[in-house]
Each structure stands twice: as C-alpha cells, then as structure tokens.
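Asks: Below are the structure tokens for one structure; questions will follow.
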Amino acid sequence: MKYRLLGILALGVLGSLGMAQKTLVFGSNGEPVSLESGNITDGISIYAQRQIYDTLVDFKPGSTDPQAGLAVSWFASPDGKTWTFRLRQGVKFHDGTDFDANAVVFNVNRWWDPKDPSRISGGSNYEIWGELFGGYKGEKGSFLASVSAVDKYTVRFTFNNPVPYFPVAIGSGYFGIASPAAIKAAGAKYGTAAGGAVGTGPFKVREWRPGDRLILEKNTNYWKKGLPKSDGVVFRFIKDPAARLAELKAGSIDFTTDIPPANLKDLQSDRNLRAVFRPSFNVGYLALNPSYKPLSDVRVRQAIAMAINKKEIVKAFWGDLGVTNGHFMPGSFKTYYSPKVTDYEYNPTKAKQMLAEAGYPNGFDLEFWYMPVSRPYFPTPKEIAEAMGADLSAIGIRVKFQTKDWATYLNDRRNPPGFQAYMLGWTGDYGDPSNFFDPHFASPISDLFDSAGNKLDVKELNDVLAKAAASSNQADRVKLYQQADEITFNLALRIPIVHSQPLVAQRASISGWVPSPLGSESFEDIVKR
C-alpha cells in the first residue's frame with residue numbers, strides 16, 4: 001500500500017507541474033552544490049549540469065573515448081603547446097543567444113583568471129581549474145598561457161608546456177559552456193535557485209526548489225536533432241539509499257544511482273526493476289591531514305593504513321562489486337601501476353608498535369569525518385566509517401565521528417587547518433592518470449595542510465607529476481606515473497579503500513540509459529514507456 005501511494009503521489013506531482021508523463025523522474029542522491037559550471041567539484045552537481053550544458057568535447061556512451069561535442073574537431077601544434085578547436089555552428093543557448101568562440105573564451109577566462117570581472121565574488125574559488133591545469137592566470141604553475149578567438153568559430157589555447165590530454169580534460173563535466181548573457185544578467189545569483197543556469201544542453205532549468213527537487217524541461221531547439229527523447233527531467237533529492245530504492249519500487253522515481261551492493265539480489269528478484277552496472281572508474285579513500293600533529297608523522301599514517309582491514313570491509317559492504325589495493329588509480333590504469341606497490345599489510349599488532357615508536361603508545365583522539373550523502377565509491381558512508389573506526393579503536397585511536405551537509409563538507413575541508421581525517425572519493429573525468437593524481441597530489445594540495453596551516457607541498461611528488469603531465473612520450477609517462485604510484489603509497493596521505501563497481505537501478509519501463517564510467521551522463525536518449 002505504501003509503495004502504491006508513493007506512485008500515485010508521483011503522478012500527482014507531475015500533473016501539478018504541468019509536465020507530461022513522458023517526463024523522467026531521477027532519484028538524485030543529494031542536492032547540487034551549484035549549477036554554475038566551472039565552480040564545482042562534486043559529482044552530484046555534475047550530474048545535474050550534464051543535462052543543462054554541453055562541453056567542447058563529449059565522450060562516446062559508456063566509454064572514456066572522446067567524440068565531437070560543441071567542438072567538431074581539434075588539433076595540436078607540432079610542439080604540443082597549442083590546441084585549436086573548430087566549433088559547431090548554428091547552436092543557440094537556452095536564452096536564444098548564439099554559441100560561438102567569444103562565448104568559449106568568456107567561460108574559460110572566468111574559470112582561469114582570478115581578476116576576471118564576471119567571476120562571482122564570495123565563496124567562489126573555481127578550484128577545479130587550478131587542480132586540473134596547474135593553477136590560474138598569473139601563477140607560475142599555470143599550464144595555460146592564453147586563450148583567444150581566432151574567428152567566430154575557432155578557439156585557440158596556448159600553453160606554457162605541452163598538455164597532450166587537454167581535449168579530454170576540457171571535456172569533463174565541470175566545464176559546461178554557459179551563456180555569457182545569462183551570467184552577466186544574473187550576476188552573483190547565477191547557478192543558484194534564484195539565478196538559474198543557461199547552457200546549450202538537452203534540458204533547460206524550469207525551477208529549483210531547494211531541499212526538494214530540480215525541475216528541467218525539454219530544450220525544443222536542441223542542436224542534436226530528435227533529442228532529447230523525453231519531455232523533461234525532475235531531479236528529486238533523496239539522500240538515503242533505502243528511501244531511493246523504496247521509491248524506485250513504488251514507481252515514484254524512474255531511475256537512480258548509488259544503490260548499496262547488498263541490494264543487488266533485491267533488484268534482480270523484482271520483475272519491474274533492472275539492476276544496471278556503471279563501469280568501474282573510481283576510488284574511495286580516507287584522507288589523513290598532516291596539519292594535525294599525530295598525522296604529521298608518516299609512521300602514524302602508515303600505522304592507520306595497516307590497522308584498517310580493507311579486504312573485510314570491502315567484502316562486507318561491496319561483496320563482488322568492489323576491489324581494494326594500494327593504488328590510487330583504478331584498474332583501468334594498470335599500465336601505470338608500480339610493481340613495488342601491492343597493498344598495505346593488515347597487521348594491527350605492527351600498527352600499534354609503529355604508533356608507540358612515533359610517540360603514541362596510548363593512541364590519540366581523532367576526528368573522523370564521513371560524507372552525508374552516498375556516492376558510487378561509498379554507498380553507505382556512515383556504516384563504512386564506523387567499520388573503519390572500529391579497526392582504529394583496536395590500536396588505541398579514539399575516533400569521534402563528524403559530518404556536515406554536503407556543500408559545507410566539501411568547502412570546509414579546504415579551510416585551514418582542514419579536517420583531521422575524512423572520507424571522500426573520486427570518479428575519473430577523463431581517461432588519463434593525470435586526472436586521478438593531479439587534483440589530489442599536485443602542489444599546492446588544496447585540502448591537506450602542514451603544521452603552519454599552509455597548503456601541503458610535496459615537492460618530490462609534484463616534480464614527478466609535472467614532468468608526466470607535460471610529456472608526450474608514452475613510455476616516459478608510464479615510468480613517471482609508476483614512480484608517483486610508489487610515492488603516494490608510501491606517503492599514506494590518502495589511503496585507497498575501494499575501487500567500486502557502482503550499482504545503479506531503473507524501472508523496467510525505462511530504456512536508453514547507458515551509465516558512463518565518468519560518473520555522469522546526459523539523459524537525452526532515455527525514454528519512458
């Protein structure tokens with residue numbers, strides 16, 4: 001009766017919105033932090049933005065292989081320092097203004113240039129550009145030297161060093177191309193519930209009800225003919241995985257992500273539901289912040305890595321849908337694995353001895369932060385945190401669990417001195433190892449700090465990553481990333497807990513959904529019968 005009531009309520013909601021029953025209802029595992037492209041780092045925001053914006057480079061469904069997006073072609077100069085993009089003509093933003101080279105330059109300058117007047121002041125830091133591209137305009141480490149419109153439909157990027165993976169990096173979901181006119185009109189409200197968001201994508205923002213739902217409607221002038229195939233999408237914000245599964249069973253949502261692996265048999269036994277598997281391309285990790293005195297000692301961090309029974313935790317919470325090892329990169333990058341890295345030995349006795357040698361024979365107090373939302377790498381974060389905490393208590397580390405709302409959690413971990421220890425993860429944005437290493441380990445590291453409260457700088461590691469990012473020689477890149485693999489393992493700053501096979505689910509009435517290994521995909525091809 002409860003499930004049937006939920007289904008009836010869902011139909012009533014769509015009717016009250018004046019939306020057709022061909023509208024998709026997606027069970028989102030949280031609320032977007034922002035709809036402002038280039039100024040988010042979380043997958044929940046990217047999922048919503050994927051529907052609103054297009055990127056210069058797209059990816060083939062279900063893969064990391066690039067294909068034409070808003071750019072129809074691109075090529076590098078012989079020295080690898082210049083990338084030129086030819087743009088698609090005749091594309092309109094949702095507000096009716098033209099997409100062209102000037103719009104691309106406007107967006108890139110907004111992300112790259114701290115002095116750009118279109119940037120939103122207060123709380124905005126456009127973090128992801130600096131993490132993926134070495135820094136910002138005017139900074140020594142910035143990969144980008146200039147961006148310019150060669151003509152109305154040609155954009156040229158000039159770099160200080162070769163960046164061989166730039167096309168796939170700029171195609172990641174952070175960098176949707178937004179309407180300059182809309183940004184100028186909305187000002188500081190752009191990307192919020194009050195200011196909206198305007199792209200060229202398959203769906204347009206109709207309404208954002210904070211704490212409840214995001215309502216998108218069909219872009220009838222979409223440049224891809226015949227798409228989207230549905231009349232709209234309602235993103236319902238449902239943090240609890242059990243609640244999302246209950247609503248999926250009831251038919252009040254049509255599809256959802258981040259279902260706990262323990263529910264696989266439940267899905268397979270229901271003829272109205274379909275279990276779907278997203279290709280594995282992620283890492284869930286435990287970060288240990290050296291700004292907290294005990295964690296400044298590498299022996300303490302390595303002792304924590306030894307104390308956590310990762311294999312048993314993965315077996316308990318992921319079953320066959322997860323693997324654990326000592327590599328920060330997922331298995332699709334095995335070529336770049338160092339043969340010297342296997343995994344941290346599970347040995348509580350040795351871990352306790354190492355704590356004593358570091359000056360903590362009686363352990364210490366530790367604030368352990370866990371995420372308030374489920375993600376592909378941590379579908380049930382509180383319970384997984386408690387399992388790790390139990391292992392740490394066995395060696396004398398007294399854990400105090402903490403959490404905050406998602407947007408605050410993501411922001412506050414970057415405020416010095418940062419969280420002491422916290423859970424987070426990463427789903428790759430493009431098929432290059434730089435995307436796993438650079439945002440997490442390239443200096444300055446944005447969310448790990450030294451004892452003085454400065455962003456952590458690991459010079460040896462940063463030098464290796466800089467050489468790897470700039471190299472066009474594949475054999476050299478393999479050696480350099482294997483070296484980085486070994487260094488990060490020994491530092492134990494971010495302990496890889498799991499590489500998961502994310503479980504997602506849909507009603508049997510849904511077709512055309514092809515989950516991407518990159519963690520989000522357009523809903524343009526999905527049909528509800």
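The values are calculated or read from the model by the stated rules, or taken from the named source; none is laboratory data. Not measured: the values here are computed from a predicted model. Neighbour counts run over all protein chains shown; Cβ positions are idealised from the backbone, glycine included. Heads up: the accessible areas ignore ligands, DNA and RNA and are worked out on the full protein's heavy atoms, side chains in. Shrake-Rupley method; radii C 1.70, N 1.55, O 1.52, S 1.80 Å.
Asks: What relative contact order, as a whole-number percentage, does the stretch 90-202 give when Cα pairs under 8 Å and 6 or more residues apart are counted?
Replies: Details: 141 pairs, mean separation 34.4, N = 113.
So the answer I get is 30 percent.
Asks: Another question, then. Using 0.36 nm times the number of residues separating E139 and N272, minus their current alpha carbon distance, what extension gain do you get? Before the final figure, lay out each step's value.
Replies: Working: separation 133, 0.36 × 133 = 47.88 nm, distance 5.48 nm.
Difference between extended and current length: 42.4 nm.
Asks: Moving on to the next point. Tell me the per residue accessible area of the chain using a 1.4 Å probe; a whole number in Å² is fine. Numbers along the way, then the final one.
Replies: Working: 20290 Å² over 529 residues.
For the chain, the per-residue accessible area is 38 Å².
Asks: Follow-up question, since we're still on this one. Sort H94, H327 by heavy-atom solvent-accessible area, probe 1.4 angstrom, most to least.
Replies: Working: H94 35, H327 10 Å².
Descending order: H94, H327.
Asks: Please name which of V168, L461, N415 has its Cα lying farthest along the dipole of the chain towards the positive end, using unit charges on Cβ (Lys, Arg +1; Asp, Glu -1) and the Cα centre as origin.
Replies: The one lying farthest along the dipole's positive direction is V168.
Asks: Rounded to the nearest 10 Å², what accessible area does D457 have for a 1.4 Å probe in the complete protein model?
Replies: 100 Å²
Asks: Suppose accessible area is computed on protein heavy atoms with a 1.4 Å probe; arrange M306, M371 from highest to lowest. List each step's numbers first, then the result.
Replies: Details: M306 25, M371 0 Å².
Largest to smallest exposure gives the sequence M306, M371.
Asks: Can you classify the stretch 35-143 as rounded, prolate or oblate using the Cα gyration tensor, where a ≥ b ≥ c are the square roots of its eigenvalues, rounded means a/c under 1.5, and otherwise it's prolate if a/b beats b/c and oblate if not?
Replies: It is rounded, given that a/c, with a ≥ b ≥ c, falls under 1.5.
Asks: Also, quick follow-up: Can you compute the charge dipole magnitude of the stretch 143-262 about its Cα centre, using +1 on each Lys and Arg Cβ and -1 on each Asp and Glu Cβ, nothing else charged? Give it in debye, rounded to the nearest 20. Please report the intermediate quantities before stating the final value.
Replies: Values: 16 positive and 9 negative charges, 58 e Å.
So the magnitude is around 280 debye.
Asks: With a 1.4 Å probe and all protein chains kept in place, how much accessible area does R206 have, in Å² rounded to the nearest 10?
Replies: R206 has an accessible surface of roughly 110 Å² with all protein chains in place.
Asks: Out of all DSSP beta bridges with both ends in the chain, state the antiparallel percent to the nearest 5.
Replies: Details: 55 of 70 bridges.
That works out to approximately 80 percent antiparallel.
Asks: In the stretch 34-176, carbon and sulfur make up what percent of the accessible area (probe 1.4 Å)? Each step should come with its number before you reach the end.
Replies: Details: 2480 of 5110 Å².
It is 48 percent, rounded to a whole number.
Asks: Order D320, D98, D270, D54 by their accessible area, 1.4 angstrom probe, all chains in place, largest first.
Replies: Details: D320 160, D98 70, D270 40, D54 15 Å².
Greatest to least solvent exposure: D320, D98, D270, D54.
Asks: Along the charge dipole of the chain, which of P241, G425, V108 sits closest to the positive end, that is, farthest toward it, with unit charges on the beta carbon of Lys, Arg, Asp and Glu (+1, +1, -1, -1)?
Replies: Ranked along the dipole, the leading option is P241.
Asks: For Cα pairs less than 8 Å apart in space and 6+ apart in sequence, what is the mean separation divided by the residue count of the chain, i.e. the relative contact order in percent?
Replies: Numbers: 1176 pairs, mean separation 112.9, N = 529.
Contact order relative to length: 21 percent.
Asks: Which listed residue (F523, N39, S148) has the Cα farthest towards the positive end of the charge dipole for the chain, taking +1 on Lys and Arg C-beta and -1 on Asp and Glu C-beta about the Cα centre?
Replies: Of the options given, the answer is F523.
Asks: On to the next question. Which value, in Å² and to the nearest 10, is the accessible area of E383 when all protein chains are kept and the probe is 1.4 Å?
Replies: Approximately 90 Å² for this residue.
Asks: I've got another one for you. Which order do the peptides 250-256, 184-190, 55-61 take when ranked by the mean count of other beta-carbon atoms within 10 Å per residue, highest first? List each step's numbers first, then the result.
Replies: Working: 250-256: 22.4, 184-190: 15.3, 55-61: 19.1.
Packing order, densest peptide first, comes out as 250-256, 55-61, 184-190.
Asks: With only Lys, Arg, Asp and Glu charged, each at its Cβ (+1 for the first two, -1 for the last two), find how big the charge dipole of the stretch 200-309 is about the Cα centre; round to the nearest 20 debye.
Replies: Values: 19 positive and 11 negative charges, 61 e Å.
It works out to roughly 300 debye.
Asks: Still on this model: For the stretch 130-256, compute the number of Lys pairs whose alpha carbons are separated by less than 21 Å, excluding pairs fewer than 8 positions apart on the same chain.
Replies: 10
Asks: Report, in debye and to the nearest 20, how large the dipole of the chain comes out about its Cα centre when Lys and Arg carry +1 and Asp and Glu carry -1 on their Cβ.
Replies: So the magnitude is around 1060 debye.
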